[in-house]
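The values are calculated or read from the model by the stated rules, or taken from the named source; none is laboratory data. Just so it is clear, the model here is predicted, and its values are computed rather than measured. All Cβ positions, glycine included, derive from the backbone under ideal geometry; neighbour counts span all protein chains shown.
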Amino acid sequence: MDGLNAPGISTGTSNSSGARSPENQAANRQPETPDVSVVIVSFNTRDLLRECLNTLYRESGGVTFETIVVDNNSRDNSADMIAEEFPDVRLIRSDTNLGFGVANNRAFAIAKGRYIVLLNSDAFVKPGVLQLSIEHMDQNPRVALAGGRLVGRDGSWQPSARMFPSYLNDLLIMTGLSDRYPKSRFFGRVDQTFVDQSLPMPTDWVPGAYSIIRRETLENIGYFDSKFFLYYEEVDLCRRFKMAGYDVWYWPDITVVHLGGESSKTVKNLQLAGLQLTKWRMRSRLIYFRKHHGAFGVWLAMQMEKWWIALRVARNLASRSEERRARAAGFRSTLATLTEAWTDTRGGRTSPPQPW
C-alpha cells in the first residue's frame, strides 16, 4: 500500500483553533480512538479549505473526531495556513502532487478513527452529518462505504448514487442520452436519476466528495489502488468492497454542499488543465477496464470511445459551419489524446510515472 511512511506530518491530538469557542475545543479533544478520522486532500484551495474546516468543527455536534489534511504540494500556502490557524490538524505535507488516491492512502496509514470520512476541501457538511453517518454505519454492519446527498450552494442536486462503468453505461454517457432522458429507467440508470433521491438505497458507488468508510473493512481489502492518479479510484474501491461481499449505500439525510472542480480552476492555463484532466480520465478508464474486464474488455472500451469520437469528427467536418469545423479539430485532438492514453498505460496494464 502506498503512503505507509508519511513524511512531513504535523500531529495534533485535538481539533481546536483560535477561531473556535472553548466549548467546541473541549468537545473535540480526542480520545485514543475517535469516532471518525476526517481526511481532506488539499491542492491550491486555501480559502475553501479554511471554510471547509470551520464548517466541519461548527457542525460536528458531539462526535469525537480527528482531522488529517494531506497537502498535495499546493502553491497557495494552504499548508502554512493549516499549520498557523489549525494547529491541531494532523498535517501531511507532500513535496509532489500525489493525486487523490495515494494522498488519501497516506492519511489512512495514520488514521485512528473507527470510521474514516473522506471530505473534499470544497465540500461543506450540514448539521448532524457526522452523527448521522456514524449511526447509519453502526446500524448496518454489512455496509463498508456510504455517501450522502451532494448539492450545490444553491441546493441543486448532484449525482450522488451511481452505477459502475460498463459498455452500456459508458455509451449512454458518451451519446448524451443519460442527460437527455434523466427520468427514463433505462437512460437514467447511470446516475439513478429516475429514482426518488429522497429515499435511501444500495448503489454501486458514491463520489469521494463525501463518504464514510468502515476502517476495519478498509484495512482488510486494501487502500486505494495507486495506479489511479485521478478518477476511478472511488469506483475501484467500491467495486472491491462489493466483490468482497459488502454493501455500498446512499443515505439522503446526509447532506453535503459540494462545489466541484475548484482545484483545476487554480491552474493558470485552463485549456491545458482541461486537456490534462481529459487524459487523466482516459488513462484511469483504461486501467479500470483492464483490471476488472481483462485484455479484451479494455480493448473493447478503447474501441468504443475511439469510434464515437471519430464519428463526431466526421459529423462536424461534414458541416459548412466554421464553428462546427473548428469543433471537429477539437475532437481530433481528443482522439489523439485517447491514443496517447492507450500508449501511456500500455493498454491499461500500468500507470505512467506520477505525477502525470
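What residue, among those in region 315-356 that are of a type in the set (A, V, I, L, M) and either surrounded by 14 or more Cβ atoms within 10 Å (Cβ to Cβ) or modelled with pLDDT under 95 (or both), is nearest to Asn73 (Cα to Cα)? Residue satisfying both the conditions and the ranking: Ala341. With the structure loaded, tell me whether Pro159 is in contact with a Pro (Cβ under 9 Å, 6 or more places away or on another chain) and surrounded by fewer than 21 Cβ atoms within 10 Å (Cβ to Cβ) or whether it fails that test. In short, yes.
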